[in-house]
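Trainee: I'd like to ask some things about the structure below.
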Amino acid sequence: MKIYEGLEQFGPVKHPVVTSGTFDGVHLGHQKILKRIKNIADEVKGETVLITFWPHPRLVLYPDEHNLRLLSTFEEKARLLREFGIDHLLTIPFTKELSELTSEQFIQNIIIDTIQTRKLVIGYDHRFGRNREGSFEYLKANIDKYSFELEEIAREDVDNVGISSTKIRMALEDGKVEIANEFLGRDYELNGIIIKGQQLGRSIGFPTANIHITHDYKLIPCDGAYAVVADIEGNNHGGMLNIGMRPTVNGSSQTIEVHLFDFEGDLYDKRVCVRLKSYLRPEIKFSGLEALKDQLKKDKADAMRILNSI
C-alpha cells in the first residue's frame, strides 16, 4: 500500500475505485466498505484508493476540546487498511481552509481533478464539504455532470447491528471488552514502548512491564484488570493488564502495566502490542500489599482460565 501525505504527492492510479472517511477503528461496518471497493477494483482491474484526513477534523475544528479519544492511531489504521487490501491511502492534512471547501469544490478538486476517480463508493451516512453539506443524495442528484460512477453502501449492509466507532468507544469505557471486540471484528489493542517503572510488582512476585502509549489521543479503556495477550517481537504471551492509579500504593498518575505469565528477561525499550481479551474487575484499593498479592493470584487464575478457553 502506498501512503501519500497530501494531494501534491498523489500520482496516477489505474482505474481508481475510491472511498472516503476517517475509518477510526476500521470496525466491521468499515470493513464492508473496504471489501466492496476491493471487489469492484478486482472486477475492473483497477486499484483501491481511500481518502482520509489527519489531524482528525475535530482536533482542528474544536481546538479547545481535549476529550477526543480515537480507537486507532494513524499507524494502526494504516496497518489495518493495508491488511484489507487498500492499494493507495491518501492522507489529506485537515485544515480550517479545507473545512471551508464546498461539497462541489471537494468533488471537483479532489475526487475528480486529483484522483481522477472512476467509481466512488461511500457509506450511507458519509458527508463531505463545508458543514457536511455533501451527501449521497447530493451526489446522486448531480451524477450526470460527473465523470465517475457512484455506489452507496446501504445502512443495512454497513450498520445492521448498530456498529459505530462511538459505540465501541463507549463499550471500552464501560469495560465491555467482548462487545467492543465483536464490533471491531478483532481484539482492541494498545501499542506502546516498555519503560522503567517503580518495580513494586517484583516485591510481591508479580513483575510488571510499564507501557508508554506514544499518542495521547489513543483511547485507553476504563481502569481495572484485564486478561490479555501481548505480542513482543512477534511472540505472543498470555498475561494480565492493569490500568489505573494504583491506589494501594498511593499512585498519583495513571499507569498501564502488564504481567506476563510465560516470560523472563529484559523488556525495556521494546515495542509491545497488547490485545485485550476480557475485563476481569475494577481497580480496588486494598489494605496492603499482601491483600493485593492475594487478589493478583485470583486475577491470574481467572485470566489463565479465560485465555485457555479461547
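A short reminder: the numbers here are calculations on the coordinates, not readings from a lab. Computed from a predicted structure; not experimentally measured. Cβ sites come from the backbone with ideal geometry, for glycine too, and all protein chains shown count toward neighbours.
Trainee: Go ahead and set up a Gaussian network model of the chain, Cα springs under 10 Å, then flag whichever of 98, 190, 276 fluctuates most.
Mentor: Among 98, 190, 276, the largest mean-square fluctuation in the Gaussian network model of the chain belongs to 98.
Trainee: What FRET efficiency, computed as 1/(1 + (r/R0)^6) with R0 = 45 Å and r the Cβ-Cβ distance, is obtained for residue 287 and residue 75, rounded to the nearest 0.05?
Mentor: With R0 = 45 Å, the Cβ-Cβ based efficiency is 0.60.
Trainee: Kirkwood hydrodynamic radius for the chain: how many Å is it when counted over pairs of different Cα atoms?
Mentor: By the Kirkwood definition, the hydrodynamic radius is 21.4 Å.
Trainee: Same structure, new question: Among 246, 271, which comes first, then next, by fewest other beta-carbon atoms within 10 Å?
Mentor: The fewest-first ordering by Cβ neighbours comes to 271, 246.
Trainee: For residue 264 and residue 54, what is the calculated FRET efficiency with R₀ set at 35 Å and r taken between the beta-carbons, to the nearest 0.05?
Mentor: Computed FRET efficiency for residue 264 and residue 54: 0.30.
Trainee: Roughly how big is segment 2-160's charge dipole about its Cα centre, with Cβ charges of +1 (Lys, Arg) and -1 (Asp, Glu), in debye to the nearest 20? Intermediate results must be reported in sequence, preceding the final value.
Mentor: On the way: 21 positive and 26 negative charges, 57 e Å.
Taking the Cα centre of segment 2-160 as origin, the dipole is about 280 debye.
Trainee: Just to be sure I understand: with springs between alpha-carbon atoms less than 10 Å apart, which residue in 260, 71, 296 has the highest mean-square fluctuation in the Gaussian network model of the chain?
Mentor: Maximum among the listed residues: 296.
Trainee: Based only on Cα atoms, what mean projected area does the convex hull of segment 187-309 have, in nm²?
Mentor: Here the figure is 7.1 nm², rounded to one decimal.
Trainee: In the chain, what percentage of the DSSP-assigned beta bridges are antiparallel, given to the nearest 5?
Mentor: Numbers: 34 of 57 bridges.
Rounded to the nearest five, the antiparallel share is 60 percent.
Trainee: Just 115, 232, 243 to compare: in a GNM of the chain, with alpha carbon springs under 10 Å, which one fluctuates most?
Mentor: Per the Cα network of the chain with a 10 Å cutoff, 232 tops the list.
Trainee: Still on this model: Scan segment 240-289 for chymotrypsin sites (Phe, Trp or Tyr not before Pro) in coil per DSSP, keeping those whose Cβ has at most 14 other Cβ atoms within 10 Å, and list them by number. Please report the intermediate quantities before stating the final value.
Mentor: Values: sites: 261, 263, 268, 279, 286; in loops: 261, 263, 268, 286.
Answer by residue number: 261, 268.
Trainee: What GluC sites (Glu not before Pro) does segment 17-125 have in DSSP loop regions with at most 14 other beta carbons within 10 Å?
Mentor: In loop regions of segment 17-125 (DSSP not H, G, I, E or B), the sparsely surrounded GluC sites (Glu not before Pro) are 65, 100.
Trainee: A further question on this structure: Looking at segment 2-160 only, what percent of DSSP beta bridges run antiparallel? Nearest 5 please.
Mentor: Around 5 percent antiparallel, to the nearest 5.
Trainee: Just to confirm a number: summing +1 for Lys and Arg and -1 for Asp and Glu over residues other than residue 304 whose beta-carbon lies under 12 angstrom from that of residue 304, what do you get?
Mentor: Net local charge, residue 304 excluded: +2.
Trainee: To continue, here is another question. So what is the relative contact order of the chain, in percent, for Cα pairs below 8 Å that sit 6 or more residues apart?
Mentor: About 16 percent, as a whole number.
Trainee: Here's something else I'd like to know. How big is segment 2-160 in terms of Cα radius of gyration and Dmax, in angstroms?
Mentor: Just the Cα atoms of segment 2-160 yield Rg and Dmax of 14.9, 46 Å.
Trainee: Let me ask something else about it. What's the local net charge at residue 89, with K and R +1, D and E -1, over the other residues with C-beta under 11 Å away?
Mentor: On the way: positive: 2, 77, 79, 82; negative: 5, 87.
Here the count lands on +2.
Trainee: With the dipole of the chain worked out from charges on the C-beta (+1 for Lys and Arg, -1 for Asp and Glu) around the Cα centre, which of 102, 53, 28 lies farthest toward the positive end?
Mentor: Of the options given, the answer is 28.
Trainee: Now for a different question. Charges only on Cβ, +1 for Lys and Arg, -1 for Asp and Glu: so what's the dipole of the chain about the Cα centre, in debye to the nearest 20?
Mentor: The calculation lands at about 480 debye.
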